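**Q** Please find one structure pasted underneath; my questions will follow.
The values are calculated or read from the model by the stated rules, or taken from the named source; none is laboratory data. Because the structure is a prediction, the values reported are computed rather than measured. Methodologically, a virtual Cβ is constructed for each residue, glycine included, from the backbone with ideal geometry; neighbour enumeration extends over all protein chains shown. Just the protein is used for accessible areas: all its heavy atoms, side chains included, with ligands, DNA and RNA removed. Shrake-Rupley method; radii C 1.70, N 1.55, O 1.52, S 1.80 Å.
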Amino acid sequence: EVQLVESGGGLVQPGRSLKLSCAASGFTFSNYDMAWVRQAPTKGLEWVASISTGGGNTYYRDSVKGRFTISRDNAKSTLYLQMDSLRSEDTATYYCARRGFAYWGQGTLVTVSS
Amino acid sequence: DIVMTQAPLSVSVTPGESASISCRSSKSLLHSNGITYVYWYLQKPGKSPQLLIYRMSNLASGVPDRFSGSGSETDFTLKISRVEAEDVGIYYCGQLLENPLTFGSGTKLEIK
């Protein structure tokens, strides 16, 4: 059974950093591109970033470029999202998802507030 | 960026009846490989989104065949036949053709 389990969310002040993790199991992690998608409270889905199987190619939405870094450790079957210089508008539930968004984690809530 | 426009904003359906949700993209989602990169997702209340339809018309694993997807290069439809109470939630279309990947704003399905 495919499982994606996010962790690392919480309350953080504007300008600070947070690192999210997503532990994958039930499939060969290194064979799949992965992504982060977020959902602000009561809002729709918003793609944040994607990473290729080997980690050599990464893609970001404009509003997080230069602030967020997606990475992966295939040996640990884990996806990461390093979030720096956080803003109030980054407040959302962050989901990790497998290529095509066929599988999603349960999400982890990030709240950016003073 | 490719804009995905969904309609209606919400729909109320009697159990056993059908429902259709439309999605329009601002650019053709037909790739040169012949695949149309539009996907449909359902987010049930309090849950993560789940994949329903991939590449416009392919039913995802475990999804009842009451769900079907169709369309052209820019206009797409999700049809739900014989709506059941478990189908309530917000339906999103999304395009996976190019970055930034984008989603429609969602259609809320309620049961009468």
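**Q** Considering segment B:57-70 alone, what residues qualify as being more than 14 Å from every other protein chain (Cβ to nearest Cβ) and not in a strand (DSSP E or B)?
**A** Across segment B:57-70, the qualifying residues are B:57, B:64, B:65, B:66.
**Q** Hey, another quick one. Looking at B:98, B:73, can you tell me which residue is of a type in the set (Asp, Glu), within 13 Å of chain A (Cβ to nearest Cβ) and in contact (Cβ under 8 Å) with a residue 12 or more places away in the chain?
**A** Details: B:73 fails: within 13 Å of chain A (Cβ to nearest Cβ).
The match here is B:98.
**Q** When the residues of segment B:33-56 are narrowed to those that are farther than 17 Å from residue B:87 by Cα and open to solvent by 50 Å² or more (accessible area, probe 1.4 Å), which ends up nearest to the other protein chains (Cβ to nearest Cβ)?
**A** So, considering only residues that are farther than 17 Å from residue B:87 by Cα and open to solvent by 50 Å² or more (accessible area, probe 1.4 Å), the one nearest to the other protein chains (Cβ to nearest Cβ) is B:54.
**Q** Okay, moving on. In the set B:86, B:73, B:110, which member is among the charged types (D, E, K, R), open to solvent by 20 Å² or more (accessible area, probe 1.4 Å) and in a loop (DSSP other than H, G, I, E, B)? Break it down stepwise before answering.
**A** On the way: B:86 fails: in a loop (DSSP other than H, G, I, E, B); B:110 fails: in a loop (DSSP other than H, G, I, E, B).
Among B:86, B:73, B:110, only B:73 is among the charged types (D, E, K, R), open to solvent by 20 Å² or more (accessible area, probe 1.4 Å) and in a loop (DSSP other than H, G, I, E, B).
**Q** Same structure again: Would you check which residues across segment A:85-111 are farther than 20 Å from residue B:49 by Cα, open to solvent by 10 Å² or more (accessible area, probe 1.4 Å) and touching a strand residue (DSSP E or B) at 6+ places or on another chain (Cβ under 7 Å) and list them?
**A** Filtering segment A:85-111 for residues farther than 20 Å from residue B:49 by Cα gives A:85-89, A:111.
If we keep only those that are open to solvent by 10 Å² or more (accessible area, probe 1.4 Å) too, we end up with A:85, A:87-89, A:111.
The answer is A:87, A:88, A:111.
**Q** Among all residue pairs at least 6 apart or on different chains, which show Cβ distances below 8 Å where the first residue, located in segment A:1-26, is acidic (Asp, Glu) and the second is not in a strand (DSSP E or B)?
**A** Listed pairs, sorted by first residue: A:1/A:26; A:6/A:105; A:6/A:106; A:6/A:107.
**Q** Would you call residue B:30 surrounded by 20 or more Cβ atoms within 10 Å (Cβ to Cβ), touching a residue at least 24 places away in the same chain (Cβ under 8 Å) and over 12 Å from the mean Cα position of the chain (by Cα)? If you could, list the steps in order and put the result at the bottom.
**A** Working: surrounded by 20 or more Cβ atoms within 10 Å (Cβ to Cβ): no; touching a residue at least 24 places away in the same chain (Cβ under 8 Å): yes; over 12 Å from the mean Cα position of the chain (by Cα): yes.
Answer is no for this residue.
**Q** Taking segment A:23-78 only, how many residues are within 13 Å of chain B (Cβ to nearest Cβ), open to solvent by 50 Å² or more (accessible area, probe 1.4 Å) and β-branched (Val, Ile, Thr)?
**A** 2
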